[in-house]
Every structure is written in C-alpha cells, then in structure tokens.
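Asks: Sharing a structure, written as structure tokens. Questions coming.
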Amino acid sequence: MGKEIDIKVKAKFVSKISKGFPLIVKESIANLNDLQEEGSLVRLVDENNRFLAKGYYGIQNKGYGWILTRRENEKIDQSFFNGKIQAAYEFRKSLFEDGETTAFRLFNGEGDGIGGLIIDHYDGHYVISWYSKGIYSFKDYIIKALQETVEVKSIYQKKRFDTKGQYVDEDDFVMGEQPEFPLLVKENGVHFAVYLNDGAMVGVFLDQRDVRRKIRDEYAKGKTVLNMFSYTGAFSVFAALGGAVKTTSVDLANRSLPKTIEQFSVNGIDPEAHNIVVMDVFKYFKYAVKKALKFEMVILDPPSFAKSKKFTFSAGKDYTNLLKDTISITEDNGVIIASTNCSTFDMKKFKNFIDVAFKEMNGKYEIMEQFSLPADFKTIPEYKEGNYLKVVFIKKIKG
Ligand code: SAH
C-alpha cells in the first residue's frame with residue numbers, strides 16, 4: 001500500500017464530510033496537485049489540519065475517491081478489507097441460506113463501506129466490478145478477503161474505469177473453476193440464464209428482485225402484459241409465471257430475441273405463446289395505437305439515457321412523454337409499472353412526472369405501491385444518490 005497523502009478539504013465542504021458524506025469530490029480538495037497516483041491512501045484534514053477521515057484516491061465519474069474510515073488510527077490493510085467483506089456477508093446471510101434465490105449482491109459500494117467496489121454473487125461464482133483504477137489497485141487484498149469470507153467457485157471482473165465510467169472490454173475471468181455458460185441461477189424459485197464472461201451486462205439486473213416477485217405474486221394473474229425495454233425479458237418471465245394471459249416484450253437490441261426465448265425456455269414456458277418484438281419502443285407505441293392494442297399491465301424500465309436511430313431518450317427530460325404514450329395504450333383499471341434507475345432525480349420528482357403525464361392526458365390514477373433498492377443493495381442515508389432505483393405501480397382509473 002502506498003504512502004498516505006494529506007488532503008486539505010476546503011472549508012465549505014468540511015461539515016458535509018463530518019456528517020458522513022462518503023464521496024471525495026474534486027471541488028472539495030484544496031491541494032489537487034498533491035494527488036498523483038490512483039490507489040494512494042489519503043488523509044482528509046480541514047484547514048486547521050484537524051483530522052476528518054481517511055480514504056483512497058480513485059477517479060470515477062462521481063468523484064475523486066471514497067472515504068474508508070473516520071477513525072484516525074484505523075489501518076487500511078488486509079484486516080480492514082476482511083472486516084468489510086465479512087460484515088457485508090453477515091448482512092446477507094439469510095440470502096446465502098435461501099435456496100430459492102442464488103443470485104444477489106454481496107457488496108454494494110459505499111453502502112458497505114467501500115465506494116467504487118461492487119461484488120455480485122451467482123451461485124458461488126462472483127463478479128467484481130471495479131469503478132476506478134484506484135480501487136482496482138487494492139485487487140489482491142479484496143480478492144483475498146472474499147476468499148477468506150465465502151466459498152468461491154470462481155471470480156469474474158468488470159473494469160468500469162475509463163473516463164465515462166463505461167465497461168472496458170478485457171478478459172473477465174480472474175480465477176477459479178469456470179462454469180459452463182449459461183450458468184443457471186435462481187431468484188425466488190425462478191431460473192435465470194446468466195453469462196458472467198460476456199461484457200458489462202450478465203443477463204439480469206439484480207436490483208429488481210422485489211418488483212419481479214410482486215408482479216408474479218400479486219399483479220400478473222389473468223393480465224395482458226406489455227414489457228417495454230425488456231432486455232432479456234425478466235419481467236415477462238415473472239409475469240408469465242404469475243399467470244399472465246400473454247406477455248409482449250419490446251426491445252430494440254437484436255440480442256433480446258434469443259435471450260428472451262432462452263429465459264422463457266429455462267423456466268419451462270413456451271416462448272411461442274408470447275410475443276417478443278425487436279423494435280424501438282417509440283415505434284411500437286405508434287404501432288399499438290394504429291392497431292388499437294391495449295394492455296392491462298405495462299412495465300416501463302428504460303435506461304437513464306438511450307439513443308436510437310430516430311429517438312433520443314433521457315429519463316430526466318422525457319419520462320413524462322414516455323408515460324403519456326403508455327397511458328394511451330393502457331386499459332382502464334390497468335396498471336403501469338414505471339421504473340427508473342436515473343440518479344439525477346428523486347422519488348418526489350419522479351412522482352411529479354407521473355402526475356403531469358396523467359394531467360396532460362386528462363386521466364386519473366392511483367399509486368398502488370412503490371419500491372426502491374432491495375436490502376442487499378445496501379445504501380446509507382448520508383449518500384442518497386446511492387439509492388437510485390425508483391419503481392411506482394400506478395393504477396389507471398377510468399376518468
Ligand atoms: N427491463 C429490463 C432492463 C432494461 S435495460 C430488465 O428487467 O431486465 C434497457 C434496455 O433498453 C436495453 O436492453 C436496451 O436495448 C433497451 N432500449 C434502449 N433504448 C430503446 C428503445 N428506444 N426502444 C427499445 N428498447 C430500447
């Protein structure tokens with residue numbers, strides 16, 4: 001481990017850091033030039049040289065590093081990492097013991113005390129996401145800590161540290177016994193086929209577990225379901241297993257067709273009984289209106305930002321319009337499940353988008369439920385941005 005560098009925190013940022021904010025933002029640092037090598041440990045002090053916290057230097061889109069401890073005497077060494085991973089494991093112990101769910105998050109960045117580090121668990125196989133060169137420099141410590149805490153069949157990694165926080169394509173496999181892909185994992189008894197070695201996305205987004213279960217257990221029965229931005233069709237699979245009459249999955253990526261067929265198949269559902277459409281959702285809205293198609297449940301799970309040939313979608317700007325298009329193809333008393341992972345606005349603003357959309361369509365609605373991240377995606381109140389997921393179940397009421 002490199003030597004510690006003293007970082008002077010500008011006066012106006014001191015109180016926020018003292019109150020528990022875990023991110024080291026560039027603007028807060030008075031002596032930027034002293035930061036040379038990512039992965040250096042830093043000691044944050046105020047302008048009177050009073051100790052505030054210790055952390056590491058690592059550049060990602062969010063900031064310049066993360067705070068690791070507020071105790072001046074705590075050493076950042078192997079036992080520090082062991083302690084963090086062990087605590088994260090204890091927190092998810094019930095999931096590790098739950099035979100019906102074998103895919104979940106073991107370590108969620110700053111929520112578990114180390115920003116920039118994510119570890120997901122897939123039936124004994126682990127995927128580590130490194131969000132900066134800085135955190136990657138602690139790789140050996142972190143992998144050792146993981147191996148000392150849990151039984152590791154294999155480890156894969158995703159390096160997400162070029163300047164845009166994008167995935168850098170390199171060899172994903174780190175160590176252990178490589179499984180055959182697809183690897184079949186379970187979530188509340190439902191199978192997912194995942195590929196840990198195939199780019200940034202492995203085939204399922206683990207943060208929607210509670211939402212998927214709710215759809216299957218309480219909302220899908222007897223319904224016609226439209227799943228927009230469907231990716232591998234995870235919501236469609238849960239809806240079908242919950243007794244949906246028919247699901248329609250729409251995604252513009254060509255891969256979504258074979259991937260969705262695969263997810264249906266590994267759950268014993270006949271893909272032929274469902275609709276899988278490779279199309280731009282904005283084109284599909286027009287098609288549905290023209291054909292007078294209406295659905296009893298519509299799931300909307302767009303990326304925060306997407307560009308297709310004809311349309312650009314930015315959740316912060318365009319969600320209201322997306323909802324308006326959706327309202328017009330939803331049956332009366334139907335349910336719209338609106339989801340966003342966009343961290344630039346909060347639940348209050350999201351609900352405002354919903355309200356505006358219904359008002360502009362002269363429609364009435366009722367909010368049935370709402371979700372944020374599941375428990376294994378641990379977050380801390382001092383860093384609200386970390387709790388990015390917002391999902392609202394909205395009933396369209398006959399006006
Ligand atoms: N709902 C999915 C995750 C969605 S990820 C799930 O539960 O797993 C976002 C998806 O949106 C990607 O698969 C991407 O291909 C798709 N996408 C982005 N822009 C789109 C557009 N304009 N029309 C259709 N799909 C789009």
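Asks: Need the failing condition index for Gly268 against (1) over 24 Å from Ile394 (Cα atoms); (2) open to solvent by less than 40 Å² (accessible area, probe 1.4 Å); (3) free of Cβ contacts under 8 Å to residues at least 24 places away in the same chain; (4) not basic (Lys, Arg), just the number.
Replies: (2)
Asks: Let me ask something additional. Tally time: how many residues in the stretch 384-399 are touching a Lys or Arg at 6+ places or on another chain (Cβ under 7 Å) and not hydrophobic (A, V, I, L, M, F, W, C)?
Replies: The number of residues fulfilling the criteria is 1.
Asks: What strands (runs of 3 or more DSSP E) lie completely within the stretch 281-360 and have 2 or more residues being within 16 Å of the ligand (Cβ to nearest atom) and either in contact with a His (Cβ under 6 Å, 6 or more places away or on another chain) or open to solvent by 10 Å² or more (accessible area, probe 1.4 Å) (or both)?
Replies: Qualifying strands (runs of 3 or more DSSP E): 305-307, 312-314.
Asks: Let me ask something additional. Report yes if Tyr231 is open to solvent by 40 Å² or more (accessible area, probe 1.4 Å), assigned by TED's automatic domain parsing to the domain that holds Arg216 and within 13 Å of the ligand (Cβ to nearest atom), otherwise no.
Replies: no
Asks: Same structure again: I'd like to check which strands (runs of 3 or more DSSP E) are fully inside the stretch 1-118 and have at least 2 residues that are closer than 30 Å to Asp210 by Cβ and among the aliphatic types (A, V, I, L, M). Break it down stepwise before answering.
Replies: Numbers: elements: 4-8, 41-45, 51-60, 63-69, 103-108.
Fully inside the stretch 1-118 and qualifying: 63-69, 103-108.
Asks: Out of (1) in contact with a Lys or Arg (Cβ under 6 Å, 6 or more places away or on another chain); (2) under 17 Å from Ala103 (Cα atoms); (3) at pLDDT below 95, the odd one out for Asn188 is which?
Replies: All conditions are met except number (3).
Asks: Sticking with this one: Could you please find all residues in the stretch 186-201 being open to solvent by less than 10 Å² (accessible area, probe 1.4 Å) and within 14 Å of the ligand (Cβ to nearest atom)?
Replies: Quick first cut of the stretch 186-201, residues open to solvent by less than 10 Å² (accessible area, probe 1.4 Å) only: 187, 190, 192-194, 196.
Scanning the stretch 186-201 gives Glu187, Val190, Phe192, Ala193, Val194.
Asks: Consider Asp217 carefully, then state whether it is open to solvent by 50 Å² or more (accessible area, probe 1.4 Å), at pLDDT 95 or above, within 24 Å of the chain's Cα centre (by Cα) and more than 9 Å from the ligand (Cβ to nearest atom).
Replies: Working: open to solvent by 50 Å² or more (accessible area, probe 1.4 Å): yes; at pLDDT 95 or above: yes; within 24 Å of the chain's Cα centre (by Cα): yes; more than 9 Å from the ligand (Cβ to nearest atom): yes.
The answer is yes for Asp217.
Asks: Please count how many residues of the stretch 3-30 are buried (at least 17 other Cβ atoms within 10 Å of the Cβ) and without any contact (Cβ under 8 Å) to a residue 24 or more places away in the chain.
Replies: Qualifying residue count for the region: 2.
Asks: Just need a number here: residues in the stretch 237-268 that are more than 9 Å from the ligand (Cβ to nearest atom), hydroxyl-bearing (Ser, Thr, Tyr) and assigned to a helix (DSSP H, G or I).
Replies: Count: 2.
Asks: Give the stretch 42-96 a look and list any residue that's small (Gly, Ala, Ser) and either over 22 Å from Val14 (Cβ atoms) or open to solvent by 20 Å² or more (accessible area, probe 1.4 Å) (or both), or say none.
Replies: Passing the criteria: Ser79, Gly83, Ala87, Ala88, Ser94.
Asks: Which ones in the stretch 72-96 are among the basic types (Lys, Arg) and either touching a residue at least 12 places away in the same chain (Cβ under 8 Å) or within 10 Å of Gly113 (Cβ to Cβ) (or both)?
Replies: Selection gives Lys84, Arg92.
The values are calculated or read from the model by the stated rules, or taken from the named source; none is laboratory data. Here the structure is a predicted model, which means the values were calculated and not measured. Don't worry about glycine lacking a Cβ; one is built from the backbone with ideal geometry, like all the others, and counts go over all protein chains shown. Only protein heavy atoms, including side chains, enter the accessible area calculation; ligands, DNA and RNA are left aside. Shrake-Rupley method; radii C 1.70, N 1.55, O 1.52, S 1.80 Å.
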